[in-house]
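Right, one structure below, let's go through it.
The values are calculated or read from the model by the stated rules, or taken from the named source; none is laboratory data. Keep in mind it's a predicted model, so treat the numbers as computed, not measured. Neighbour counts are summed over all protein chains in view; Cβ atoms, including those assigned to glycine, are modelled from backbone coordinates with ideal geometry. Quick note on the areas: whole protein, heavy atoms, side chains included, nothing else; ligands and nucleic acids left out. Shrake-Rupley method; radii C 1.70, N 1.55, O 1.52, S 1.80 Å.
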Protein chains: 2
Amino acid sequence: MATIYEVSALAGVSLSSVSRVLNDHEHVSKKTKEKVVAAMNELNYRPNTIARSLASNRSNSVGVLVSELHGPFFGAMLSSIELELRKAGKHAVITAGHSDEESEINGLDFLIDRKCDALILLVDAISDDYLIKLSKGNTPFVILNRNISEISDHCFYLDNELGGYLAAKYLIEQGHKEIAYISGPLTKQDSTERLTGHKKALAEANIPFKESLLYEGDYLTKSGRDGINYLIKHKSTFTAVACSNDEMASGAMRGARDHKWLIPEQCSFIGFDNAFFTEYLYPQLTTINFPVNDMAKMSTQWILKNVYKQKELDITNMFIPELIERQSVKKN
Amino acid sequence: MATIYEVSALAGVSLSSVSRVLNDHEHVSKKTKEKVVAAMNELNYRPNTIARSLASNRSNSVGVLVSELHGPFFGAMLSSIELELRKAGKHAVITAGHSDEESEINGLDFLIDRKCDALILLVDAISDDYLIKLSKGNTPFVILNRNISEISDHCFYLDNELGGYLAAKYLIEQGHKEIAYISGPLTKQDSTERLTGHKKALAEANIPFKESLLYEGDYLTKSGRDGINYLIKHKSTFTAVACSNDEMASGAMRGARDHKWLIPEQCSFIGFDNAFFTEYLYPQLTTINFPVNDMAKMSTQWILKNVYKQKELDITNMFIPELIERQSVKKN
DNA sequence: CAATAAACTGGAAGCGCTTCCATATTGAAT
DNA sequence: ATTCAATATGGAAGCGCTTCCAGTTTATTG
């Protein structure tokens, strides 16, 4: 592997000059630039990124830390982020935190130690305090799908309460009064906010919220099915079930079908997120849209603007959910 | 940020000694080790990984390059790989290639330049020749879901032909004779192999393969739906459709349902991969299992064994698909 | 054409660590 | 005690680059 030194020798210039053309500095004459470029090509020179990072404390890469690497939500988010960064000539370094505080901090340290220029965090186990402290460090970052008021200008999040509200309101408008709710882990901010919105819509319609119609799931498909089984086993009556994400909704439908229920004739279902697969379920799932793409784009643009000084644009931190009406809800 | 230098000063030993305890070298007395550790704690010392990489040409991380970051197949693979590496105390650096040769090579260079100790490649646009040449370089790597005979001991792949064969055979056993096939891109190895297996099963049963029953999709859900529409529009008759992956099968079912077909009464469907969601489709999708987890594990173990000398174990390169019988296929 | 500013170039230090080599210390064996 | 190997430690070079500073060249102006 050729080094900058060999390039400088071949081109007949100094190390500094080679470095300057490498970094597109001003104040390099056209002539030396040409000589250097020619030498680089001849030697098939490739800069050593590690050495550059050590000397400059930069890396031209942004670290992305997610709870999980699989699942439609994380997949879509990762894809969008990576694409947006790639367009801007930056590299994404992705790693996973597994919703476990130690692992998440470990992943965070890894990315910081690798001198990522900035971080995008989609994690839920690390505490607010830790992140607030982190914001005083040297590595700039944004937080996705979470709002920490002390550093809310670094946060990009959905109006989850509105989402939960819209879903419940829609069911109510369709004539449902007995509405079961399968939530995500109630330790997570998004879960509780969605549930709050749900309750708010019920209250507005003077429908009491019944604890017996609530099942706390874990956002995974299986827990939707478990939820339905739980509700049925406890002899709850309901004509619709609202789920805190699409995967649980799909699991819930599967569970209902195991009991020979007709969907949506005997029971309506509504999801949350508008994951790509919802359109391919049967019946097609009515759900709440989570503008994953927009959020991914906005967060990378924040970084391009604030860290790389590339763009000048307006930043929106909160995103608005919307109802996507399909076929899993019936008038009651 | 404290450096090794400050640690050595505080501990009253040399730089080399600090480095030795940092790297768990032999020949360090218990006493100096204790002094150094104490100093590190007191200074809250964190090694600079970049500097270590530069000096040692190692990074304690393995690069993972995938075609896409989303979708159940890639998601599951990434998750398993990351988990396996994490268990072994190694870090995964993930990046995407988007099935585009330039992007893939770009990602590859990125990972190599970052001095990853090894690479895991799940890509399809980079040519065999390029990878063969790469195998003569300094960065060891494995290739997933692809078999290049010149370097087949670096390759981990499914017996795709057997998979295609098993699916078709099962349909035939259930009495189907007119079987449509929705394939992946026929430029991709796995697609053509699966199709070959399909044809083989037909031939064994003396059923002629009809070009008119073949639709070339792209592995995405939508193309399954497009495939069904295409087949219907061209007035093909068939009682079953085999798909080259589960997403297209799900799209195909959706398409069939748009035409008011009953599934599986009027038409049977079989998928490929056994993605997690197939169990939650309605009807539950009969499919071919792709042991994603096993493959991910095996490939990381190859690295642990050959690069990090951690494990000593037998390596299997080819994995065997299996039929998963569920409810989307009916006796004909 | 001199004076001055602007553009360009080279030298050298330094980023934080690893690793080789040489020297010093220890302990076991004679 | 003496010798020799094994073990432990320090010094210093070097990984490949960036960046500051000082010095040199070129262009600009009156």
Copy-to-copy spacing for A:His259, label 7 Å out on the Cα-to-C-beta vector, in nm, shortest first?
-> 3.6
With a 1.4 Å probe and all protein chains in place, put A:His91, A:His198, B:His27 in order of accessible area, largest first.
-> B:His27, A:His91, A:His198
Euclidean distance between Cα centres, segment B:254-321 to segment A:216-287, Å | 24
Amide H contacts under 5 Å for B:Leu323, restricted to residues at least 5 apart in sequence or on another chain and with H modeled in the peptide plane, are B:Asn289
At 7 Å out from Cα toward Cβ: A:Gly12 inter-copy label distances (nm, ascending) = 5.9
How big is the charge dipole of segment A:160-290 about its Cα centre, in debye rounded to the nearest 20, if each Lys and Arg gets +1 on its Cβ and each Asp and Glu gets -1 on its Cβ?
-> 400
Normalized C-alpha radius of gyration of chain B, against 2.2 N^0.38 Å?
-> 1.27
Residue-ordered couplings for segment B:45-61, obtained by feeding phi - 60° into the Karplus form 6.51 cos²θ - 1.76 cosθ + 1.60 and rounding to whole Hz (Gly and Pro as x), are 5, 10, x, 8, 5, 5, 4, 4, 4, 4, 6, 10, 6, 10, 9, 6, 9
Might you work out the accessible area of A:Leu304 for me, using a 1.4 Å probe with all protein chains in place, and round it to the nearest 10 Å²?
-> 0
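Please get the size of the charge dipole for segment A:247-305, origin at its Cα centre, with Cβ charges of +1 on Lys and Arg and -1 on Asp and Glu, quoted in debye to the nearest 20. Intermediate values should be presented prior to the final figure.
Numbers: 5 positive and 6 negative charges, 21 e Å.
For this selection, approximately 100 debye.
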Calculate how many DSSP beta bridges within chain A are antiparallel, expressed in % of all such bridges and rounded to the nearest 5.
-> 10
Where the only charges are on Cβ atoms (+1 Lys, Arg; -1 Asp, Glu), what is the dipole of chain A about its Cα centre, to the nearest 20 debye?
-> 740
Hull surface over four for the Cα convex hull of segment B:4-47, reported in nm², is 2.5
Taking only the alpha-carbon atoms of segment B:68-130, the convex hull volume per residue, in cubic angstrom, is 84
Amide H within-cut-off set for A:Ile143, under 5 Å, with H built and near neighbours excluded | A:Leu121, A:Cys155, A:Phe156
Bin all alpha-carbon pair distances of segment B:139-251 at 10 Å intervals from 0 and give each bin's fraction as a whole percent.
-> 15, 43, 29, 11, 3, 0
In degrees, nearest 10, the alpha-carbon axis of helix A:160-173 is tilted away from the dominant principal axis of the alpha carbons of chain A by 30
Can you give the angle from 0 to 90° between the axis of helix B:246-258 and the longest principal axis of chain B, with both taken from C-alpha atoms, to the nearest 10?
-> 40
May I ask for the angle, rounded to the nearest 10°, between helix A:72-87 and the longest principal axis of chain A, with both axes built from Cα atoms and the value confined to 0 to 90°?
-> 30
³J(HN,Hα) across segment A:298-304 via Karplus (A = 6.51, B = -1.76, C = 1.60, θ = phi - 60°), whole Hz, x for Gly/Pro?
-> 4, 5, 6, 5, 4, 5, 4
Within a 10 angstrom radius of each residue's Cβ in B:98-104, how many Cβ atoms of other chains show up on average? Whole number is fine.
-> 1
Under the definition of partner shielding as Cβ atoms of other protein chains within 10 Å of a residue Cβ, what is the mean value for peptide A:63-75?
-> 5
Along the charge dipole of the protein assembly as shown, which of A:Gly75, B:Asn289, B:Thr239 sits closest to the positive end, that is, farthest toward it, with unit charges on the beta carbon of Lys, Arg, Asp and Glu (+1, +1, -1, -1)?
-> A:Gly75
Loop sites in segment A:223-332: trypsin sites (Lys or Arg not before Pro), DSSP, at most 10 other Cβ within 10 Å | A:Lys235, A:Lys260, A:Lys309, A:Lys331
Any chance you could look up the accessible area of A:Ser212 with a 1.4 Å probe, heavy atoms only, rounded to 10 Å²?
-> 70
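Helix-only estimate, please: 222 nm mean residue ellipticity of the protein assembly as shown, summing -39500 (n - 2.57) across DSSP H runs of length 4 or more and dividing by its residues, to the nearest 500.
Here the helix-only value at 222 nm equals -13500 deg cm²/dmol.
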For peptide B:279-285, compute the average count of partner chain beta-carbon atoms within 10 Å of each residue's beta-carbon.
-> 6
Looking at the protein assembly as shown, what % of its DSSP beta bridges pair antiparallel, to the nearest 5?
-> 10
Provide the per-residue ³J(HN,Hα) series for segment A:269-276, in order, calculated from phi with Karplus coefficients 6.51, -1.76, 1.60 and θ = phi - 60°, each as a whole number of Hz, with x at glycine and proline positions.
-> 9, 9, x, 7, 2, 6, 5, 4
May I ask for the distance between the Cα centers of segment B:76-92 and segment B:12-30, given as a whole number of Å?
-> 30
Spelling it out for B:Tyr282: with amide H atoms placed in the peptide plane at 1.01 Å from N, the residues 5 or more places away or on another chain with amide H under 5 Å from its amide H are A:Tyr282
So how exposed is A:Ile50, as accessible area in Å² (1.4 Å probe, rounded to 10)?
-> 10
Which of B:Leu131, B:Ile112, B:Ser99 sits closest to the plus end of the dipole of segment B:99-150, meaning its Cα is farthest towards the positive end, when Lys and Arg get +1 and Asp and Glu get -1 on the C-beta?
-> B:Ile112
For A:Ser127, place a label point 7 Å out from Cα along the Cα→Cβ vector, do the same in each other copy, and report the separations in nm, one decimal, smallest first.
-> 5.7
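Counting Lys +1, Arg +1, Asp -1, Glu -1, what net charge surrounds A:Ala88 among other residues with beta carbon under 13 Å of its beta carbon?
Cβ neighbours under 13 Å give a net charge of +4.
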Based on the alpha-carbon gyration tensor of the protein assembly as shown, what equivalent-ellipsoid semi-axes (square roots of 5 times the eigenvalues) come out, in whole Å, largest first?
-> 47, 34, 23
